[in-house]
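Peer 1: Let me give you the structure first, and then I'll get to my questions.
The values are calculated or read from the model by the stated rules, or taken from the named source; none is laboratory data. A quick note: this is a predicted structure, and the numbers were derived from the prediction, not measured. All Cβ positions, glycine included, derive from the backbone under ideal geometry; neighbour counts span all protein chains shown.
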Amino acid sequence: MKNLETLGLAIALAFATVPPAAAQTAPAPAPTGASCPALLQHRFDRLQDEKPQSLCQYSGKVVLVVNTASFCGFTKQYEGLEALHARYQSQGLVVLGFPANDFGSQEPGNNQAIADFCENTFGVKFPMFSKTSVVGRDANPLYRQLAEKTGDHPRWNFHKYLIARDGQTVRSYASGVDPKNPSFVRDIEKFLSAK
């Protein structure tokens, strides 16, 4: 009987020492990748300051992924990409730029030089990531997945992948498809209208 009383007292004291506020504010469980499509479960360093960024922050958005280069015949597409980003950002479009030196050595600079060029020459405000590789054995994991999903690898700078809000549907566009191309813009608007 005495042992039961001691046990009861120990249990009562244990509960009495837990502050009520602490009991109500238990830490929330860590978020899982369930709400973030597999295609976006990647981290890349931001171009300007090389701070890691999770692509999961773009879940539920229409994502336009483009491999860029500063010294390419298609470099002027930065202007059109920035215009798309500005025009459709409030509707859920995000343009993501991935500078790469894979084609014609047309992106030879370091991250700071690329960031300065993009901002000063084209006023780029859409998210850009650190210099990477988008083809071959060294291709970053996002580009490997995009190529697997579409069966289409970038063949030059400014290849475009358009990812639907569901993070599953992906369309691929060759470098020569200008961001202002009416058919391309219609595809973006179609993806944006799908909830």
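Peer 1: Across region 75-101, what is the total count of residues that are acidic (D, E) and more than 17 Å from Y161 (Cα to Cα)?
Peer 2: Taking region 75-101 and keeping what is acidic (D, E), we get 79, 82.
Of the ones still in play, those that are also more than 17 Å from Y161 (Cα to Cα) are 79.
Selection size over region 75-101: 1.
Peer 1: Further question: For region 150-158, does any single residue satisfy the condition of being more than 19 Å from the chain's Cα centre (by Cα) and modelled with pLDDT under 95?
Peer 2: no
Peer 1: Given the options N120, N110, name the one that is of a type outside the set (A, V, I, L, M), over 18 Å from the mean Cα position of the chain (by Cα) and closer than 15 Å to D45 by Cβ. Don't jump to the end; show me each part of the working.
Peer 2: Values: N120 fails: closer than 15 Å to D45 by Cβ.
N110 is the lone residue from the list that is of a type outside the set (A, V, I, L, M), over 18 Å from the mean Cα position of the chain (by Cα) and closer than 15 Å to D45 by Cβ.
Peer 1: State which residue pairs qualify: first residue without any contact (Cβ under 8 Å) to a residue 40 or more places away in the chain and inside region 68-91, second residue not hydroxyl-bearing (S, T, Y) in any location, beta carbons under 6 Å apart, and separation of 6 or more residues or different chains.
Peer 2: So the pair list comes out as F71/Q106.
Peer 1: Check region 116-128 and report whether any residue there is in a strand (DSSP E or B) and closer than 17 Å to Y143 by Cβ. Before you say what the answer is, go through the steps one by one.
Peer 2: Here is the first cut: in region 116-128, the residues in a strand (DSSP E or B) are 128.
Next, only the ones that are closer than 17 Å to Y143 by Cβ stay: 128.
Yes, that holds for at least one residue.
Peer 1: Further question on the same structure: So which residues in region 145-178 are polar (S, T, N, Q) and touching a residue at least 24 places away in the same chain (Cβ under 8 Å)?
Peer 2: From region 145-178, those polar (S, T, N, Q) are 145, 150, 157, 168-169, 172, 175; that's our starting set.
Answer for region 145-178, where residues must be polar (S, T, N, Q) and touching a residue at least 24 places away in the same chain (Cβ under 8 Å): Q145, N157, Q168, S172, S175.
Peer 1: Okay, moving on. Considering only residues of region 115-144 that are touching a Ser or Thr at 6+ places or on another chain (Cβ under 6 Å) and touching a residue at least 24 places away in the same chain (Cβ under 8 Å), which is farthest from V170 (Cα to Cα)?
Peer 2: Just the residues of region 115-144 that are touching a Ser or Thr at 6+ places or on another chain (Cβ under 6 Å), to begin with: 117, 139-140.
Imposing the further condition that a residue be touching a residue at least 24 places away in the same chain (Cβ under 8 Å) reduces the set to 117, 140.
Working: F117: 29, N140: 17 Å.
Taking the candidates together, the pick is F117.
Peer 1: Look through region 97-115, keep the residues that are part of a helix (DSSP H, G or I) and aliphatic (A, V, I, L, M), and return whichever of them is surrounded by the most Cβ atoms within 10 Å (Cβ to Cβ).
Peer 2: That would be I114.
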